[in-house]
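Beneath this line is the structure, given in structure tokens, with notes to follow.
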Amino acid sequence: MKKTILIVLLLATTSVPLHARLKDQARHLEKGVQKLASSQHRLWKVARTLWTRVQQLEKELQKQPAAKKA
């Protein structure tokens, strides 16, 4: 809360109009959100790939003892 008040005070005392500053910050935040979403999507893809590989390895391990007994 204190940081928010400080930011508002800093914005209000600068020579750049408040609206322009807020608009610029909104753009900056939007870019950050887009980057986070992109990173999350990549992480989901990696997690899905790893999960698939783990399942394949588990299936191979289940088949291995049966092959040795035969």
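The values are calculated or read from the model by the stated rules, or taken from the named source; none is laboratory data. Because the structure is a prediction, the values reported are computed rather than measured. Neighbour counts are summed over all protein chains in view; Cβ atoms, including those assigned to glycine, are modelled from backbone coordinates with ideal geometry.
Observations
- Any hit, segment 36-53, residues being over 14 Å from the mean Cα position of the chain (by Cα) and at pLDDT below 90: no
- Scanning segment 17-57 for residues that are of a type in the set (Lys, Arg) and within 30 Å of Ile7 (Cβ to Cβ) yields Arg21, Lys23, Arg27, Lys31, Lys35.
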